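Report on the following structure.
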Amino acid sequence: MVNFVCICFQLVYLLLVLAFFSHITWAVKGNSLCKQTGMGEIRPHSVTITEFGAVGDGVTLNTKAFQNAIFYLNSFADKGGAKLFVPAGRWLTGSFDLISHLTLWLDKDAIILGSMNSDDWPVIDPLPSYGRGRELPGGRHRSLIYGRNLTDVIITGDNGTIDGQGSVWWNWFRSKTLNYTRPHLVELMNSTGVVISNLTFLNSPFWTIHPVYCSHVIVQDVTILAPLDSPNTDGIDPDSSDDVCIEDCYISTGDDLISIKSGWDEYGISFARPSRNIIIRRLTGHNQNGSGIAIGSEMSGGVSEVYAENIYFFNSSTGIILKTARGRGGYVRNIYISNVTLVGVDTAIFFNSNFSQHPDEFYDPNSLPVIERITFKDVIGDNIKVAGLLKGIEGDSFRHICLLNITLDVTTKSPWNCSNIQGYSSLVSPETCEPLKESIYPKHYSDCYLLPNHLRSSGNQNKGSWLFSS
C-alpha cells in the first residue's frame, strides 16, 4: 500500500513538472510573438506632412499630400526605411497607400480625418476569400489607410487619432443606398511585420482594423471607439492571418470588439488560408450588439491556436461567441480562453450555428464546419442573464468543449441551453448542461485543449482532489 501511494505521488509530481515546463514554453512563445522588434529602430529618413503642402484645418483635402509624401519616401525603402510625421492638426484626407519600411507617426494632437465624400475612397476588387463585397455583390471601397504586399510597416504615435467620420456611411447603410461594401479604417493585405500601436481609432465606416492574409501582426495599446449603435464597426478583425498579437487595448463599438475570420463559404474553402497562432491579452471593452471576442462567422479557411487571457467585458450583449453555419465548412479548433471577467453581460458564452448569410447560391449546404477542442477556464461573471447558449449543428456535434472553474451569477432560471455538443466540465456554477456534465478529471483532461499545461495551481482551489477523483 505504501509503495502504491508513493508511486501515485511520484506520478503526480511528474505531471506537475511537465505541466510547469509546458506552461513556460507557451508563455515564451506568446512573449516572443508580442515583442515589438522594430519599434525601437530609428528610421534614417523622416519628413513632415506639411512639407508636401498639407493643411491641418479640418477642411482642406490632403489626399495628394499624403500620396506625394509616401511616394517620395519610397525611394528610401532600401536605405533603412523612412518616417512620415503628422503633427498636431486636423488632417482631412481620402484613402492613401502605405509602403514597406515605413513608420506613420501621429503626434499627440494629430487627427487624421476620413473624407465624407465616397469618391475619395476608391473601389477595389473583392477579397478572393470572400468572392464579393461583404455587404453587396461586386467590389468594395478601399480603406482610409491601406497597404498590400508590404514588409515592416508601423502605424503609431503619441496617442494621435484616426477618425473615419463614419456616420455618413452608417446612414447610407441604414437607408440601403450603398453601391459597394463600406470601407475599413485600416486594412493591410498580404503583408508581414505590421505594428499598430499607441493610437486612438474613431468612427470607422465598417470594421476598424483589418489585417488580411498577413503574418506577424502586433496591435498594442490602442483605443477603438464608435457609437454603440453604429452598424458593423468591429474593432480588430484578423482575417486569414497568422502570428497575430493583440494586447492592452480598450474597445467600445457597435459590433464585435475582436472577430477572427478566414473567408466566406466556398470562397474561403477554396482560398484555404487559415487564421492561426493568435494571442489576445489584457483586452477591455463593451458593446450592445456584438460580442467581446468572436470567431466567425466567416471561418471557412479555418481558425486554430487562439489564446485569449486576462479579458474584461462589461455591459455587453455577449462575452465570447462562435459563429458558423451549414455551408461554412472549415474548422475551429484548439481555442483556449482564460481569466475572463464579465459584468452585466447578457450571454456569457454563445455558439451560434445558424449564422446563415451566404455570398451566393453556389455554397455547398453539406459542407459542415469541424468544431473541436475549445477550452474556457477561470471565468467569473456578475449580473449575467444566460451562462451559455451552446448550439451545435444536427449531425455535426461540436466536440471536446471544456469548461473549467467557471462561476457566473446568473439572473435567469435556465442558465444553460445546449444541443449537439459534447464535452466536459469541472467546478462550474451554475451547474452546466447535460452534454457537458462529465468531469474533466481524471479521465478527460487530455481531450481539453491546453489543460495538461495547467495542472499546477494558478490560484484555483481543490486541484489535488481533481487528480485523485474518480
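The values are calculated or read from the model by the stated rules, or taken from the named source; none is laboratory data. This structure is a prediction, so every number in the text was calculated from the model and none was measured. Using ideal geometry, Cβ is built from the backbone for each residue, glycine included, and neighbour counts are taken over all protein chains shown. Ligands, DNA and RNA are stripped out before the accessible areas are found, and what is left, the full protein with its side chains, is counted by its heavy atoms. Shrake-Rupley method; radii C 1.70, N 1.55, O 1.52, S 1.80 Å.
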Looking at the structure I just gave you, is residue 110 small (Gly, Ala, Ser) and surrounded by 21 or more Cβ atoms within 10 Å (Cβ to Cβ)?
yes
Spot the failing condition for residue 285; the list is (1) over 21 Å from residue 386 (Cα atoms); (2) open to solvent by less than 10 Å² (accessible area, probe 1.4 Å), and only one is missed.
(1)
When you check residue 161 against the structure, is it assigned to a strand (DSSP E or B), of a type outside the set (A, V, I, L, M), crowded, with 19+ Cβ neighbours inside 10 Å and on the phi < 0 side of the Ramachandran plot, yes or no?
yes
Give the residue, chosen from 225, 202, 185, 178, that is over 27 Å from residue 79 (Cβ atoms), surrounded by fewer than 19 Cβ atoms within 10 Å (Cβ to Cβ) and of a type in the set (A, V, I, L, M, F, W, C).
178
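So that you can scan it fast, the table gives a plain yes or no per residue for (1) in contact with a Lys or Arg (Cβ under 9 Å, 6 or more places away or on another chain); (2) over 26 Å from residue 239 (Cβ atoms); (3) of a type outside the set (Gly, Ala, Ser):
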{"position": "91", "(1), (2), (3)": "no, yes, yes"}
{"position": "99", "(1), (2), (3)": "no, no, yes"}
{"position": "141", "(1), (2), (3)": "yes, no, yes"}
{"position": "147", "(1), (2), (3)": "no, no, no"}
On the basis of being at pLDDT 95 or above and at negative phi, does residue 430 make the cut?
yes
Go over the candidates 376, 355, 351 one by one and state the one that is in contact with a Gly (Cβ under 8 Å, 6 or more places away or on another chain) and either crowded, with 20+ Cβ neighbours inside 10 Å or among the polar types (S, T, N, Q) (or both).
351
Considering every residue within the range 298-307, establish whether at least one is on the phi > 0 side of the Ramachandran plot, open to solvent by 10 Å² or more (accessible area, probe 1.4 Å) and in contact with a Cys (Cβ under 9 Å, 6 or more places away or on another chain).
no
Filter pass, residue 302 being closer than 24 Å to residue 106 by Cβ, in contact (Cβ under 8 Å) with a residue 24 or more places away in the chain and not hydrophobic (A, V, I, L, M, F, W, C):
no
Check off (1) acidic (Asp, Glu); (2) assigned to a helix (DSSP H, G or I); (3) open to solvent by less than 10 Å² (accessible area, probe 1.4 Å) for residue 234 and give me the number that stays unchecked.
(2)
Please go through the range 429-445 and give me each residue that is touching a Lys or Arg at 6+ places or on another chain (Cβ under 9 Å) and open to solvent by 30 Å² or more (accessible area, probe 1.4 Å), ordered by number.
431
Of 84, 102, 92, which residue is within 30 Å of the chain's Cα centre (by Cα), buried (at least 21 other Cβ atoms within 10 Å of the Cβ) and either at pLDDT below 95 or farther than 20 Å from residue 156 by Cβ (or both)?
92
Scanning for something at pLDDT 95 or above and open to solvent by 70 Å² or more (accessible area, probe 1.4 Å), does the range 458-469 turn up at least one residue?
no
Give the range 196-231 a look and list any residue that's polar (S, T, N, Q) and either more than 14 Å from the chain's Cα centre (by Cα) or outside any loop (DSSP other than H, G, I, E, B) (or both), or say none.
197, 198, 200, 203, 204, 215, 220, 223, 230
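Let's see how each residue does on (1) out of contact with any His (no Cβ under 8 Å at 6 or more places or on another chain); (2) among the acidic types (Asp, Glu); (3) without any contact (Cβ under 8 Å) to a residue 60 or more places away in the chain:
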| residue | (1), (2), (3) |
| --- | --- |
| 271 | yes, no, no |
| 283 | yes, no, yes |
| 291 | yes, no, yes |
| 317 | yes, no, yes |
| 327 | no, no, no |
| 334 | yes, no, no |
| 339 | yes, no, yes |
Considering only the range 380-420, state which residues are open to solvent by 70 Å² or more (accessible area, probe 1.4 Å) and either on the phi > 0 side of the Ramachandran plot or in contact with a helix residue (DSSP H, G or I) (Cβ under 7 Å, 6 or more places away or on another chain) (or both).
383, 395
If I go through the range 164-175 residue by residue, how many of them are open to solvent by less than 60 Å² (accessible area, probe 1.4 Å) and in a loop (DSSP other than H, G, I, E, B)?
3
Can you name the number of the only condition in (1) open to solvent by 10 Å² or more (accessible area, probe 1.4 Å); (2) modelled with pLDDT of 95 or more that residue 253 fails?
(1)
Being in a loop (DSSP other than H, G, I, E, B), surrounded by fewer than 17 Cβ atoms within 10 Å (Cβ to Cβ), modelled with pLDDT of 95 or more and not polar (S, T, N, Q) narrows it down to one of 55, 59, so name that one.
55
